[in-house]
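Shown next, in structure tokens, is the structure this report addresses.
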Amino acid sequence: MRSKKTVLIRLFLSTLYLSAFTFGGGYVIVTLMKKKFVDQYHWIEEDEMLDLIAIAQSAPGAIAVNGAIVVGYKLAGLLGTLVAIIATILPPFFIISVISLFYSAFQNNLIVSRMLEGMQAGVAAVIASVVYEMGRGIIHGKNAGSITIMAGAFLAACVFQINVIYIILVCGVIGVIRTKLSGKEAAK
């Protein structure tokens, strides 16, 4: 079994790396977290990754930090949580601090503007990849209830423009009800 110190060092370096090289917001980091935590290190299972995303999205704060908290806690308790938070916060804190010093010099720079536009296109592709992988996991499970919830949440957000907070709350309530009902069926 790996020592706790080794796990903490690997957790720190992994979350620091993910945070330092993820541009475009929370959903971009989801694919990278899956590759690192599920595929490479096997710290969590793919089903746990979907749960992690649900928790990270529904909790207040950045998805990257919330996801790191969950993984850190699972691996090393409160100390793992603290290590993951620090490693996840350091890169953006440093980068934003440096950018703020030079912002006025670059705000009207054509090259910087075009670079940011290009990054937006790349981020959109990564987010589409995340949606595909998460949706594929739900559809592959062939659970009609989960597929219906996913389709309903999509329609509520994209067609009816319902606030995402309400969608998350309703989906959480549906999940609790489904869990309670499946518990009663198992008890029979």
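Overview of results
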| item | result |
| --- | --- |
| Test: residue in segment 117-125 that is among the polar types (S, T, N, Q) and open to solvent by 90 Å² or more (accessible area, probe 1.4 Å) | yes |
| Segment 132-165, residues that are aromatic (Phe, Trp, Tyr) and either open to solvent by less than 80 Å² (accessible area, probe 1.4 Å) or over 19 Å from the mean Cα position of the chain (by Cα) (or both) | 160 |
| Long-range neighbours under 8 Å by Cβ, at least six apart or interchain, first residue in contact (Cβ under 8 Å) with a residue 40 or more places away in the chain within segment 138-165, second surrounded by 12 or more Cβ atoms within 10 Å (Cβ to Cβ) and in a helix (DSSP H, G or I) | 138/50; 138/146; 138/147; 138/150 |
| Counted residues, segment 113-153 - those being more than 25 Å from residue 164 (Cβ to Cβ) and part of a helix (DSSP H, G or I) | 5 |
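The values are calculated or read from the model by the stated rules, or taken from the named source; none is laboratory data. These numbers were taken from a predicted model, which means no experiment stands behind them. Backbone-built Cβ (ideal geometry, glycine too); neighbour counts: all protein chains shown. The protein model used for the area step is the full one, side chains on, heavy atoms only, and it has no ligands, DNA or RNA in it. Shrake-Rupley method; radii C 1.70, N 1.55, O 1.52, S 1.80 Å.
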